[in-house]
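Reading through the structure tokens given below for one structure.
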Amino acid sequence: MKNKGAFYTGILLVVAGLLLSAGQIIGWRGLWPFLILLVGAAFWMPIFIWWERRQQLAGLAMPGTIIMTNGLILLAQNVTGKWGTWSYLWTMELIAVGLGLLALYVLGRRERGLVVAAAIVGGIGLTFFFIFATAFSRFFRLLGAVVLILTGTLMILSRASQRVDRKTRNQ
């Protein structure tokens, strides 16, 4: 077990060293979010290194998931230069908590309350995401309008098909 941990820790150190070297050579402008992802991965590593002890280590999944989500958001914003997307991407924090709770359930002792909490927090996060993304993003405003049109059309068609079914049954 010791050698396994040393091996994976060695990989983590090599990746960190490569990132630091690349940062010195080409600059930190595009690389710094990878350090955040690396910290998140460091929380997940013990779970995978000592898989047979995952139930005891499951608590590491929560901070690892939240930190990695932040790293992914910041990486996407850094690559695209669209820092204003934080006006709706903050909702991913709630979604990350929901995913972390789900990971706790899967890796841990399968306590049903974790799934319920994950669904509630994740659902609130998704709801807020669609509300704020629709409010602050042109793309999501258009997408929201299309979803409303399609939903309304499906409801109308559903109602119309129910009327046709009733008429054919009465004849």
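Quick one: Ile47 ticks every box in (1) in contact with an Asp or Glu (Cβ under 9 Å, 6 or more places away or on another chain); (2) in contact (Cβ under 8 Å) with a residue 60 or more places away in the chain bar one, so which box is it?
Ile47 satisfies all of (1) in contact with an Asp or Glu (Cβ under 9 Å, 6 or more places away or on another chain); (2) in contact (Cβ under 8 Å) with a residue 60 or more places away in the chain except (1).
Of the numbered conditions (1) part of a helix (DSSP H, G or I); (2) touching a residue at least 40 places away in the same chain (Cβ under 8 Å), Gly30 fails exactly one; give the number of that condition.
Condition not satisfied by Gly30: (1).
Does Gly122 satisfy being touching a Pro at 6+ places or on another chain (Cβ under 9 Å), within 20 Å of Ala58 (Cβ to Cβ) and surrounded by 13 or more Cβ atoms within 10 Å (Cβ to Cβ)? Before the answer, list the steps.
Working: touching a Pro at 6+ places or on another chain (Cβ under 9 Å): no; within 20 Å of Ala58 (Cβ to Cβ): yes; surrounded by 13 or more Cβ atoms within 10 Å (Cβ to Cβ): yes.
Judged against the criteria, Gly122 is not a match.
If Val116 meets every condition in (1) over 27 Å from Ile11 (Cβ atoms); (2) surrounded by 16 or more Cβ atoms within 10 Å (Cβ to Cβ); (3) of a type in the set (A, V, I, L, M, F, W, C); (4) at pLDDT 95 or above apart from one, which number is that one?
Every listed condition holds for Val116 apart from (2).
Of everything in the stretch 70-95 that's touching a Gly at 6+ places or on another chain (Cβ under 8 Å) and in a helix (DSSP H, G or I), which residue is nearest to Phe132 (Cα to Cα)? Steps first, answer last, please.
Restricting attention to the stretch 70-95, the residues satisfying the condition of being touching a Gly at 6+ places or on another chain (Cβ under 8 Å) are 70-71, 78-79, 91-95.
Narrowing further to those that are in a helix (DSSP H, G or I): 70-71, 78-79, 92-95.
On the way: Asn70: 18, Gly71: 21, Asn78: 21, Val79: 22, Met92: 11, Glu93: 13, Leu94: 13, Ile95: 14 Å.
So the residue we want is Met92.
Only one of (1) within 12 Å of the chain's Cα centre (by Cα); (2) under 30 Å from Arg138 (Cα atoms) is not met by Leu74, so which one is it?
Here Leu74 meets the rest and fails (1).
Filtering the stretch 50-68 down to residues that are touching a residue at least 40 places away in the same chain (Cβ under 8 Å), in a helix (DSSP H, G or I) and not polar (S, T, N, Q), which residue is surrounded by the most Cβ atoms within 10 Å (Cβ to Cβ)? Spell out how you get there, then give the answer.
Step one: filter the stretch 50-68 for residues touching a residue at least 40 places away in the same chain (Cβ under 8 Å), giving 50, 54-55, 57-59, 61-62.
Now narrow it down to the ones that are in a helix (DSSP H, G or I): 54-55, 57-59, 61-62.
Narrowing further to those that are not polar (S, T, N, Q): 54, 57-59, 61-62.
On the way: Arg54: 17, Leu57: 19, Ala58: 19, Gly59: 16, Ala61: 23, Met62: 17.
Among those that are touching a residue at least 40 places away in the same chain (Cβ under 8 Å), in a helix (DSSP H, G or I) and not polar (S, T, N, Q), it is Ala61.
Go through the stretch 19-68 residue by residue and tally those that are touching a Ser or Thr at 6+ places or on another chain (Cβ under 9 Å) and either farther than 23 Å from Leu101 by Cβ or β-branched (Val, Ile, Thr) (or both).
Total satisfying the criteria: 1.
The values are calculated or read from the model by the stated rules, or taken from the named source; none is laboratory data. Just so it is clear, the model here is predicted, and its values are computed rather than measured. Cβ: placed from backbone, ideal geometry, glycine included. Neighbour counts: every protein chain shown.
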